[in-house]
Structure formats: C-alpha cells, structure tokens
Amino acid sequence: MKILFICLGNICRSPLAEEMFRQKVKEARADHRFSLIDSAGMIGYHEGELADARMRTHAAERGLHLTHRSRPMTAKDFELFDVIVAMDEDNLRRLRQKAPRPELMKKVVLLADYLTRFPSHRHIPDPYYGQAEDFRLVIDLCEDACQRLLDALTDKG
C-alpha cells in the first residue's frame with residue numbers, strides 16, 4: 001500500500017503525519033504492508049525545504065526526526081497512491097480541483113476522521129502562525145489519528 005499525507009505547504013502537519021505514521025507502522029511490524037509513505041503540499045511555495053524548525057523541534061521531543069523535504073502534490077500522485085490523507089477541508093477542496101478524474105477522490109480521507117481521543121476536532125489545525133502549544137496539539141492529534149488509521153488499513157480497526 002502507498003499512502004500520502006497532504007497539508008497546505010508540506011512543512012508542518014503532513015511531514016509530521018508522514019513520520020508519525022511511519023513510526024506506528026514500524027512499531028506494529030507492518031512494514032511489509034506499506035511500500036511508500038510520503039507527504040506533499042497543495043502549494044509549492046516551500047518546495048525543497050525541511051519541515052518548519054518549530055515542528056522539527058517539537059517532533060524531536062517525541063522521538064520523531066523529520067527529514068522530509070517539501071514538495072507539491074501532483075496529479076500523478078492520484079494515480080500512484082492508494083490512500084491520500086488530507087489535514088483539513090481546504091486541502092479537500094484543493095484536492096478536488098487537482099484530481100485528474102473525480103472518481104480518484106475516493107482515495108482521499110480526512111485524518112481527523114480517525115481521531116479517538118479528540119472528538120471535538122474536525123480537522124488537524126495548521127500550527128504555522130501559532131505558538132508552541134499549537135504544535136504540540138497537532139502532534140497529539142496526529143499520534144491519535146495515525147494509530148487508528150493504521151488499524152483501519154491493516155484490518156485491526
């Protein structure tokens with residue numbers, strides 16, 4: 001299975017979710033189930049950049065090392081990936097515009113739909129203009145949702 005995480009600029013939420021999911025897969029010894037785990041952004045403004053330094057710092061506090069370099073989502077990604085995971089409704093709207101064929105949107109899910117401990121959250125908020133607690137919240141949300149997403153994709157959920 002190939003899975004792609006999407007946020008706006010691919011420097012905060014999606015590289016975090018990518019690495020968080022990769023860690024969950026490793027812990028579950030499910031590496032053989034996933035041939036590709038990646039992330040991308042809806043815009044290419046930060047192309048080639050590492051994740052935001054604040055996100056890298058807070059992620060490192062949880063043992064996650066973000067080494068992904070930002071890249072924009074392409075129409076080809078719709079063909080390549082089996083599951084495309086969006087962080088919010090704006091990402092969904094942009095994905096609908098970018099999808100080469102409407103039926104490919106069946107591959108797209110919202111990460112927040114997999115939350116278990118945070119029922120009041122309907123999306124994974126963008127921490128870019130926020131404070132340290134906003135980055136920590138995103139990490140908590142991604143950790144919760146990535147576990148349930150993995151369970152769902154490996155028939156444990």
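The values are calculated or read from the model by the stated rules, or taken from the named source; none is laboratory data. For clarity, every value in this text was computed on a predicted model and none was experimentally measured. As a convention, Cβ positions derive from the backbone with ideal geometry for all residues, glycine included, and neighbour counts pool all protein chains shown.
Tell me the residue from Ser39, Ser35, Ser70 that is touching a residue at least 12 places away in the same chain (Cβ under 8 Å), hydroxyl-bearing (Ser, Thr, Tyr), within 22 Å of Leu150 (Cβ to Cβ) and touching a helix residue (DSSP H, G or I) at 6+ places or on another chain (Cβ under 9 Å), please.
Every option except Ser39 fails the conditions.
Just give me the residues in region 2-18 being surrounded by 24 or more Cβ atoms within 10 Å (Cβ to Cβ) and either in a helix (DSSP H, G or I) or not hydrophobic (A, V, I, L, M, F, W, C) (or both), in sequence order.
Residues satisfying the conditions are Asn10, Arg13, Ser14, Pro15, Leu16, Ala17, Glu18.
When you go through (1) modelled with pLDDT of 95 or more; (2) more than 21 Å from Asp144 (Cβ to Cβ); (3) not small (Gly, Ala, Ser) one by one for Tyr45, which number turns out not to apply?
(1)
Report, by residue number, each residue of region 78-93 that is part of a loop (DSSP other than H, G, I, E, B), closer than 20 Å to Ile43 by Cα and of a type in the set (Asp, Glu).
Selection gives Asp88 alone.
From the list Ser120, Ser70, Ser35, pick out the single residue that is of a type in the set (Ser, Thr, Tyr) and at pLDDT below 95.
Residue meeting the stated conditions: Ser120.
Can you tell me which residue in region 94-129 is farthest from Asp77 (Cα to Cα), limited to those that are under 15 Å from the mean Cα position of the chain (by Cα), among the hydrophobic types (A, V, I, L, M, F, W, C) and not in a loop (DSSP other than H, G, I, E, B)?
Only one residue fits best here, namely Ala112.
One line per residue, one yes/no per condition, for (1) in contact (Cβ under 8 Å) with a residue 12 or more places away in the chain; (2) over 12 Å from the mean Cα position of the chain (by Cα); (3) surrounded by 15 or more Cβ atoms within 10 Å (Cβ to Cβ):
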residue: Phe78; (1), (2), (3): yes, yes, yes
residue: Asp90; (1), (2), (3): yes, yes, no
residue: Ile139; (1), (2), (3): yes, no, yes
residue: Arg148; (1), (2), (3): yes, yes, yes
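Tell me yes or no: at least one residue of region 130-152 is assigned to a loop (DSSP other than H, G, I, E, B) and touching a strand residue (DSSP E or B) at 6+ places or on another chain (Cβ under 8 Å).
Looking through region 130-152, none of the residues is assigned to a loop (DSSP other than H, G, I, E, B) and touching a strand residue (DSSP E or B) at 6+ places or on another chain (Cβ under 8 Å).
When you go through Ile11, Ile6 one by one, which is the residue that is in contact with a Ser or Thr (Cβ under 8 Å, 6 or more places away or on another chain) and closer than 14 Å to Cys142 by Cα?
So the residue among Ile11, Ile6 that is in contact with a Ser or Thr (Cβ under 8 Å, 6 or more places away or on another chain) and closer than 14 Å to Cys142 by Cα is Ile6.
Within region 31-77, take every residue that is of a type in the set (Asp, Glu) and not in a helix (DSSP H, G or I) and give me the one that is nearest to Thr154 (Cα to Cα).
Filtering first and then ranking leaves Asp38.
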